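K.L.:
Sending over a structure as structure tokens; questions will come in a sec.
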Amino acid sequence: QVQLVESGGGLVQAGGSLRLSCAASGRSFSSDAMGWFRQAPGKEREFVAAITWSGDRRYYADSGQGRFTISRDNARSTVYLQMNSVKPEDTAVYYCAASSERWKLTMIRSYVYWGQGTQVTVSS
């Protein structure tokens, strides 16, 4: 069992920055790939970014490429999502998730454990 707790969401103006954190507990965090997903009202949950257990591979959705950076600190069992130059369309609930998969990390079905989400609202 893995518990994931996101934090760092809030209200930010367009063009600003925000850093989301996801603290993991319950089992070996360092062996899991981690991902960030988001869900806007009335839309399906979508992939944002993912990082392998070692951090050697990172994946980004086109929407966040060049603006978002995913990183992890295995000693702190925490994964981060740095969001820069945010846009109103980034408004959503952001979820972190853990996966034992080594590939297909952009796919929702690769993830078993999910956090409760943190709201990000970008004002124009």
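The values are calculated or read from the model by the stated rules, or taken from the named source; none is laboratory data. Because the structure is predicted, anything quoted here is derived from the model rather than measured. For neighbour counting, all protein chains shown are included, and Cβ atoms are generated from backbone atoms with ideal geometry for every residue, glycine included. Please note that ligands, DNA and RNA were not included when accessible areas were found on the heavy atoms of the full protein model with its side chains. Shrake-Rupley method; radii C 1.70, N 1.55, O 1.52, S 1.80 Å.
K.L.:
Within 12 Å of the chain's Cα centre (by Cα) and either surrounded by 15 or more Cβ atoms within 10 Å (Cβ to Cβ) or touching a residue at least 40 places away in the same chain (Cβ under 8 Å) (or both), is that true of Tyr95?
P.N.:
For Tyr95, the condition - within 12 Å of the chain's Cα centre (by Cα) and either surrounded by 15 or more Cβ atoms within 10 Å (Cβ to Cβ) or touching a residue at least 40 places away in the same chain (Cβ under 8 Å) (or both) - is met.
K.L.:
Filter the strands (runs of 3 or more DSSP E) completely within region 9-68 down to those with at least 2 residues that are closer than 18 Å to Lys104 by Cβ.
P.N.:
Those strands (runs of 3 or more DSSP E) span 33-39, 46-51, 58-60.
K.L.:
From Val86, Val79, which residue is at pLDDT 95 or above, in a loop (DSSP other than H, G, I, E, B) and surrounded by 22 or more Cβ atoms within 10 Å (Cβ to Cβ)?
P.N.:
Within the list Val86, Val79, the selection yields Val86.
K.L.:
Filter region 25-41 down to the residues that are modelled with pLDDT of 95 or more and out of contact with any helix residue (DSSP H, G or I) (no Cβ under 9 Å at 6 or more places or on another chain), then identify the one that is most open to solvent (accessible area, probe 1.4 Å).
P.N.:
Looking at the filtered set, the residue picked out is Gln39.
K.L.:
Looking only at region 4-18, filter to residues that are of a type in the set (A, V, I, L, M) and more than 21 Å from Ala33 (Cα to Cα); which one of those is surrounded by the fewest Cβ atoms within 10 Å (Cβ to Cβ)?
P.N.:
Selected residue: Leu11.
K.L.:
Being farther than 22 Å from Ser25 by Cβ, in a loop (DSSP other than H, G, I, E, B) and in contact (Cβ under 8 Å) with a residue 24 or more places away in the chain, is that true of even one residue in region 112-120?
P.N.:
no
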